[in-house]
Amino acid sequence: MIESLLPTRSARAIVGWSIVAAILVLLWVLVDNNYYLRLLISAGIAMIGVIPFGLLMGHMGYMAMGQGGFIGVGAYVVGCLTVQRFEIDIWAALPIAIMVVGALAYAFSFALFRLRGYHFSIGTLALGQLLYLAFDSWEWATGGPHGTSGIPRPAIGEFVFATNSRFLIIVSVFVFLAGFTSWWLARGHVGRALNAIRQDEDLAGARGLDVLRYKQLIFTFAAVWAGLAGGLYGSMQISIDPSSFTIWGSFQYVIYVIIGGAGTLLGPVIGVIFITVLDQLIADVGVWNQMILGALIVITVLFFRGGLWGGIRMLWALALKNRSADRSAVSTQAGAAE
Amino acid sequence: MDPILEIRDLSKRFGGVEAVKAVSFDVPRGSLVGLIGPNGAGKTTFVNLVSKHESPDTGSVLLDKRPIHRLPSFKVARAGLARTYQKNRLFFEESVSENIRTAMIWGGAAKHQDLSYPGLKGKEEERTAELMEFFALTAQRDALPSGLSHLHRRRAEVAQALALAPKLLMLDEPFAGFSREEAFDLIDHLKVCQKGGLTMLLIDHNMEVMLEVCEYLFVMHHGALLASGTSAEVRANPEVINVYLGAET
Amino acid sequence: MSAFAQQLIYGTSYGMNLAVAAAGLALLFGVYRVINLAHGQLIMFGGYIAYVVTTGLGLHFFVGFAAAMVAMGVAGVILEISVFRILQRRPATDQLLASLGVYMMIGILALRIWGDFEARPINMPGEEGAILLGEDIRIDFARIVTIAITIAVFAVLYFVVYRTHLGRTMRATAQGPETATLMGIRKREVAALVFFIAGALGGAAGAMLGGLFNVRPDMGFQPLLMALIIIIFGGMGSLIGAIIAGLVLGILYNLTVFYVGSKLGDLVPFAVLLIILMVRPQGLFGLPGRRA
Ligand SMILES: Nc1ncnc2c1ncn2[C@@H]1O[C@H](COP(=O)(O)OP(=O)(O)OP(=O)(O)O)[C@@H](O)[C@H]1O
Ligand SMILES: [Mg+2]
């Protein structure tokens, strides 16, 4: 059915990710409450950073623990260019921010990918913390502990995306782009390379794969999207300070991926949705929500390595199997009746 | 003699252990040579150095006169040097045919005109099919490595290495866990490839098989090259008897 | 000059405390290739237990210190049984993630029990006293006590690892599980003991850091980061490396904070780590080629 309507896989991917983006926008029609709107925007921004990050952590198996630093660089470059030191239009600042983050990540990738496993995770953690401390101390560019305020919202001509409902449209467009580009990379050659690197990167090298190049590609790709998410975050918040870009921001990404389901594209999306909803539901229990989240992480890692999306797919497969079993039972009965 | 592989002064040290000590030798083109030595002699480390899984501390490696010791491992593989592993390695989430095809995609089209063993001609699908047929793996084409018997897994690994269309294949203890019949079955396949121009360096602990099969043998001990020669020469070498053959009997 | 000497002494005592914190991580990594992020919270919890026993119950510091060690040792065993035993043979990321979850849980537990960020002091012996060297170099007794404790802790640790049967089995396990099974080791008991020792080291570090500074709910975070840096710097799994790297970092940290400013001081450990990772990823005492 779906196959006949949308014959090519890319058409299906475009439609699929459009639906994810459209749901975000449509939810805005349902909620005219500003609080929930901001929640939707935050979730969307998290998705922009975390879907590409899922390729790095889930598909390739390299758990970077410093994405918070790249988010921060994106946010501060935009802040510095639009208000702190210059007065460039945010539409120009965003691409510059992306390029800065990309260049930074690419430069560090040479050193970081001499590391694997724990060493890589701790190396990226150190990089994230280093960047955080830089935000805190480089007053000229970042405003130091007080941060940067007055970051503008983007505009097209006279149309300023000033209200939260308008801003959500921009965020949704980028969610679509992040999802689609990640999908586009994950299929075919790159996807094959990423999966092989996760399974056995030495073997992949011995069979002719330029492992380092693919690792650098994906690391930079994930960092660029994290930078864009940071730029949008700055624009949403209007003012930013270092406390938003600590190691906990990096851990947050890791948590979205593991809870949602590592190694899939939709897993991180589901992780963001789930944790956003969970945060609302258990907000009344105060600090205990961190406890619940911590327990969820432990349980997921111990017993449900596929995460939520893995669980959903398993149930789906079970249901299909049951249905086809029913059907074949029916058809054998019919055959016996004849 | 026309050497395809020239090893010069290759060394590697791990902390206090000199795993490979100034090893030099040549492998003649088209030959099937053996590398033997007791446990911990440094055979696997030697293969790792040549295939660039590890970087040598000193020394050089020439493949067809071309230095490969400074290349990253994937370029060594693409230059025509493939290897298998002592502890069997395949992509465990991929089927047998996918494993073979993957290496084919990364290795690129077969470039060496003078080779003619199975799996070199045609498109990827044909090459994969030919390799699987040659190793009698066609029935297992969609099986995951974990679902294969030890014998089939070994064959799949060799097939994956051959999918790179190498000039030189290094096999690290391919017969471990094999019966004599199974070992000779694999050897028969390898001999077919040798007729097609493939050069092979074979490592194994099964002395009986090695002495019978290899045209020329190198003996390592404590990281250094202890002796080399035909099987008759090696068999008669007092030092070899002392460190290795003597220990077995 | 005297200011320099003063900072050297502060740096030494801080570095030694960090070395104790790192030793627990290094031990677990050395024997089981496990990185336990929750170690940071064991440090914090150990600090609180020492606080309750000394300031709360009015007992001697050493009683609080011992209580922190035992309690965190038990916590380590509980972690082994409930989490790490199940995660054997899983990729490194799984252990990091699970221990991160535990980190969050323990953190909240402490926050619930002892409330917000109120700094709580631990009564240390000889709190007021100090030795004056020359004109203006001052070494307070508290620092001397922690330095002495650290030396004692490392002496005991050295004895356990290199002179006892347990130590031999631990080192055999570190060589590879196969060797250990060959030696007929009862793995579970050894694992429990190793996790006990590692947890106890965390508790000890917490009691001392709490004594020198204050006990706070977030006090485990900085030592955890420092300990991670130290075990990479020293070579993952190397106890000697942990001591030397701890001292170097502690001294470097104190000197930069004093001469350049606290912000740059905070930067130093991470810059050191990145440089080490680039130049010598295996650390000072790690074996080359043996990549994790
Ligand atoms: N990555 C490493 N780190 C430290 N030491 C190593 C490493 N790899 C090998 N060694 C040491 O180098 C020496 C040679 O080991 P190697 O595996 O090359 O021997 P081998 O001849 O293949 O033995 P076997 O017949 O058992 O396979 C051994 O002492 C081993 O412990
Ligand atoms: Mg070997």
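Taking GluC sites (Glu not before Pro) in DSSP loop conformation with at most 16 other Cβ atoms inside 10 Å as exposed sites, chain B has its longest uninterrupted site-free stretch at B:94-214.
Taking A:Leu127, A:Leu278, A:Leu308 in turn, the Gaussian network model of chain A (Cα-Cα springs below 10 Å) assigns the largest fluctuation to A:Leu278. Close amide H contacts of B:Phe14 (hydrogens built in the peptide plane, cut-off under 5 Å, sequence separation of 5 or more or a different chain): B:Ala19. Other residues with beta-carbon under 14 Å from the beta-carbon of C:Val160 carry, at +1 per Lys or Arg and -1 per Asp or Glu, a net charge of +3. For chain B, the longest principal axis of the alpha carbon atoms and the long axis of helix B:96-107 meet at an angle near 70°. Extending 7 Å from the Cα toward the beta-carbon at both A:Arg12 and B:Glu93 defines two label points whose distance is 1.9 nm. Residues considered: C:Ile78, C:Ile86, C:Ile106. Largest GNM mean-square fluctuation over chain C, using C-alpha springs under 10 Å, is found at C:Ile86. Placing a label point 7 Å from the Cα of A:Met314 along the Cα-to-Cβ direction, the residues of segment A:225-267 with a backbone N closer than 18 Å are A:257-267. Averaged over its residues, chain C has an accessible area of 41 Å² per residue, based on protein heavy atoms and a 1.4 Å probe. Once backbone amide H atoms are built at 1.01 Å from N, B:His221 has B:Leu226 as its partners under 5 Å, excluding neighbours fewer than 5 places away on the same chain.
Relative to the Cα centre, the charge distribution of segment B:3-245, modelled as +1 at Lys and Arg Cβ and -1 at Asp and Glu Cβ, gives a dipole magnitude of about 760 debye. Listed by chain and number, the lysines whose C-alpha is less than 20 Å from the C-alpha of B:Lys123, apart from same-chain residues fewer than 8 away, are B:Lys111, B:Lys167.
Label-to-label distance for B:Ser60 and A:Asp279 is 6.0 nm, based on points extended 7 Å past Cα in the beta-carbon direction. Placing a label point 7 Å from the Cα of C:Met278 along the Cα-to-Cβ direction, the residues of segment C:201-235 whose backbone N falls under 17 Å of that point are C:233.
B:Leu32 sits among other residues whose Cβ lies under 13 Å from its own Cβ, and their net charge, with Lys and Arg +1 and Asp and Glu -1, is -1.
The distance separating the Cα centre of segment A:216-295 from that of segment A:89-152 comes to 17 Å.
For segment B:178-216 and segment C:12-32, what is the centre-to-centre distance using only Cα atoms, to the nearest Å? That distance is 51 Å.
Take A:Asp284: with every protein chain present and a 1.4 Å probe, its accessible area is about 140 Å². Relative to the dominant Cα principal axis of chain C, helix C:61-79 is inclined by about 30°. Comparing A:Arg305, A:Arg198, A:Arg12 in a Gaussian network model of chain A (Cα springs below 10 Å), the most mobile by mean-square fluctuation is A:Arg12. Over segment C:20-224, the ratio between the Cα radius of gyration and 2.2 N^0.38 Å evaluates to 1.08. Angle between the Cα long axis of helix A:117-137 and the longest principal axis of chain A, 0 to 90 degrees, nearest 10? The helix A:117-137 is inclined about 30 degrees to chain A. When the Cα positions of B:Ala143, A:Val20, A:Trp316 are compared along the charge dipole of the protein assembly as shown, B:Ala143 comes out farthest toward the positive end, with charges on each C-beta of Lys, Arg, Asp and Glu. Take the Cα radius of gyration of the protein assembly as shown and divide it by 2.2 N^0.38 Å, N being the number of residues; the result is 1.05.
Of the residues A:Asn33, A:Leu265, A:Asn195, the one whose Cα sits farthest towards the positive end of the charge dipole of chain A is A:Asn195 (charges of +1 on Lys and Arg Cβ, -1 on Asp and Glu Cβ, taken about the Cα centre).
Note on A:Leu30/A:Arg305: beta-carbon distance plugged into 1/(1 + (r/R0)^6) with R0 of 35 Å gives a FRET efficiency of 0.55. Any idea what diffusion coefficient segment C:25-130 gets from Stokes-Einstein, in µm²/s, Kirkwood Rh on alpha carbon pairs, 4 °C, 1.567 mPa s? Using the Kirkwood radius from Cα pairs, D works out to 86 µm²/s. Its Cα centre serving as origin, segment A:155-243 has a Cβ charge dipole (Lys and Arg +1, Asp and Glu -1) of approximately 260 debye. Taking 7 Å steps out from each Cα toward its Cβ at B:Ser116 and A:Glu139 produces label points 8.0 nm apart.
Look at where the Cα atoms of segment A:168-198 and of segment B:4-26 average out, and the two centres are 44 Å apart. Label point of A:Trp248 set 7 angstrom out along Cα-Cβ; within segment C:217-260, amide nitrogens under 13 Å from it belong to C:217-219, C:221.
Placing +1 on the Cβ of every Lys and Arg and -1 on the Cβ of every Asp and Glu, with nothing else charged, gives chain C a dipole about its Cα centre of roughly 1200 debye.
Accessible area buried by the pairing of C and A, both sides summed with a 1.4 Å probe, works out to roughly 4100 Å².
The values are calculated or read from the model by the stated rules, or taken from the named source; none is laboratory data. All figures in this text were calculated on a predicted structure; none of them were measured in a lab. Reconstructed Cβ throughout: ideal geometry from the backbone, glycine too, with neighbour counts over all protein chains shown. These accessible areas exclude ligands, DNA and RNA; they are computed on the full protein's heavy atoms, side chains included. Shrake-Rupley method; radii C 1.70, N 1.55, O 1.52, S 1.80 Å.
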